1. Would you please name the residue that is nearest to M149 (Cα to Cα), looking only at residues in segment 205-247 that are hydroxyl-bearing (S, T, Y) and touching an Asp or Glu at 6+ places or on another chain (Cβ under 8 Å)?
2. Is it the case that some residue within segment 169-185 is basic (K, R), exposed (fewer than 12 other Cβ atoms within 10 Å of the Cβ) and at pLDDT 70 or above?
3. From (1) assigned to a helix (DSSP H, G or I); (2) in contact with a helix residue (DSSP H, G or I) (Cβ under 6 Å, 6 or more places away or on another chain), pick out the condition that doesn't hold for E179.
4. How do the pairs read when you match residues in segment 64-85 that are without any contact (Cβ under 8 Å) to a residue 24 or more places away in the chain with residues anywhere that are surrounded by fewer than 24 Cβ atoms within 10 Å (Cβ to Cβ) and part of a loop (DSSP other than H, G, I, E, B), using Cβ under 8 Å and keeping only pairs 6 or more apart or on different chains?
5. Within segment 116-136, which residues are under 22 Å from N52 (Cβ atoms) and surrounded by 22 or more Cβ atoms within 10 Å (Cβ to Cβ)?
6. Look at segment 205-244 and say how many of its residues are surrounded by fewer than 21 Cβ atoms within 10 Å (Cβ to Cβ), under 19 Å from P94 (Cβ atoms) and of a type in the set (A, V, I, L, M, F, W, C).
7. Can S110 be described as in contact with an Asp or Glu (Cβ under 9 Å, 6 or more places away or on another chain), surrounded by 24 or more Cβ atoms within 10 Å (Cβ to Cβ) and modelled with pLDDT of 95 or more?
Amino acid sequence: MKLHLKITMRIFRIACFLLILTLLFAEVSDLLVRKSLTQPWDMSVKIGGFYNEPKNSFDVMYFGSSHMYCSIDPKMVEEQTGLHSYVLATQEQPIWISYYYMKEALKTQSPKAVVLEVNMMTEKKKFPKEGTLYSAMDPIPLSKNKLDMVFASAPNGERRNYIFNIMKYHDRWEELTLEDYKREYQKKCDPYQGFVRLEQITPIESREDISNVIETREPLSKTMQYLEKIYELTNKEGITLIFLKTPSNATRKEQMLYNAAWKFAEEHDIAYIDYNQKYEELGLKLNEDFYDRRHLNFRGVQKLTPSFSAYLLQQIS
């Protein structure tokens with residue numbers, strides 16, 4: 001009996017030690033991780049702030065790359081539709097990370113619709129560059145879903161760096177500021193609900209004519225695999241899935257990859273709208289409505305929103 005009690009107490013002490021060690025490790029990692037707090041690129045607030053939102057408060061969730069967070073203003077959409085929504089997008093977010101972001105969002109939200117911006121059909125690499133992965137993974141709390149995201153996105157031998165931030169940022173001690181210690185951003189909600197408002201105008205001289213591009217190019221097989229997973233996830237949850245291509249002055253080669261998303265959507269009865277084909281309908285002007293060659297500025301967003309809002313209502317009504 002005494003031996004059994006000793007063994008139980010030893011196991012208990014070891015468990016307590018490991019728990020304390022894990023909590024300390026997590027606290028130090030949180031302290032050292034690089035924060036993005038400068039507007040309009042305050043992604044630590046935009047992604048981290050999502051966790052401070054009330055449960056089951058969003059009718060629509062948006063996912064994808066910077067093309068999504070620069071093009072969809074949830075506040076403006078809500079004014080025109082009455083639908084409450086949030087953009088959970090990160091720079092160059094591959095389709096597979098969008099899938100894990102969806103799973104993360106569905107832990108606390110039960111949206112009527114999920115919208116995926118398909119720009120990253122153009123992804124060429126199974127393992128994207130470091131900056132892309134860290135910007136997507138740093139704001140996500142450690143969980144099985146995050147571990148799955150890391151294993152799907154990072155090569156063997158580097159995964160520990162994305163799981164434990166301290167391994168990446170251990171040399172940041174001399175850079176730490178008061179903001180790192182206070183971490184007030186962790187208590188905030190993003191007033192723009194994930195939207196990045198860009199004011200700068202970059203005149204675009206011309207764009208390729210893609211009006212007659214009907215061919216498709218085969219994307220990365222991993223991308224297609226995760227499109228299927230996204231379809232299965234939303235179908236299982238009874239959520240309307242919408243594929244969106246925002247205006248981005250697509251090249252003919254890029255359009256062929258977006259056409260692969262259109263083909264997938266057609267085969268799976270998924271709503272799909274491609275605004276690279278609708279410049280005249282929107283009244284977009286190359287010399288006024290773009291932040292850079294690839295992204296809308298706020299003038300462009302104001303032109304896109306009425307059309308997209310009407311389309312969104314049509315799909316979920």
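1. That would be T223.
2. Just the residues of segment 169-185 that are basic (K, R), to begin with: 172, 182-183.
Still in the list and also exposed (fewer than 12 other Cβ atoms within 10 Å of the Cβ): 182.
Pick out the ones that are also at pLDDT 70 or above and you get none.
No, that holds for no residue.
3. Evaluating E179 over (1) assigned to a helix (DSSP H, G or I); (2) in contact with a helix residue (DSSP H, G or I) (Cβ under 6 Å, 6 or more places away or on another chain) leaves (2) as the failure.
4. Short answer, once both residue conditions are applied: E78/H84.
5. Matches in segment 116-136: A136 only.
6. 3
7. Considered against the rule, which asks whether it is in contact with an Asp or Glu (Cβ under 9 Å, 6 or more places away or on another chain), surrounded by 24 or more Cβ atoms within 10 Å (Cβ to Cβ) and modelled with pLDDT of 95 or more, S110 comes out as no.
Residues checked against (1) without any contact (Cβ under 8 Å) to a residue 24 or more places away in the chain; (2) acidic (D, E):
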position: T234; (1), (2): no, no
position: L241; (1), (2): no, no
position: E254; (1), (2): no, yes
position: A260; (1), (2): no, no
position: F264; (1), (2): no, no
position: Y275; (1), (2): no, no
position: L286; (1), (2): no, no
position: R299; (1), (2): no, no
position: Q314; (1), (2): yes, no
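The values are calculated or read from the model by the stated rules, or taken from the named source; none is laboratory data. Since this is a predicted model, take the numbers as computed values, not measurements. Note that each Cβ is placed from the backbone with ideal geometry, even for glycine, and that neighbours are counted across all protein chains shown.
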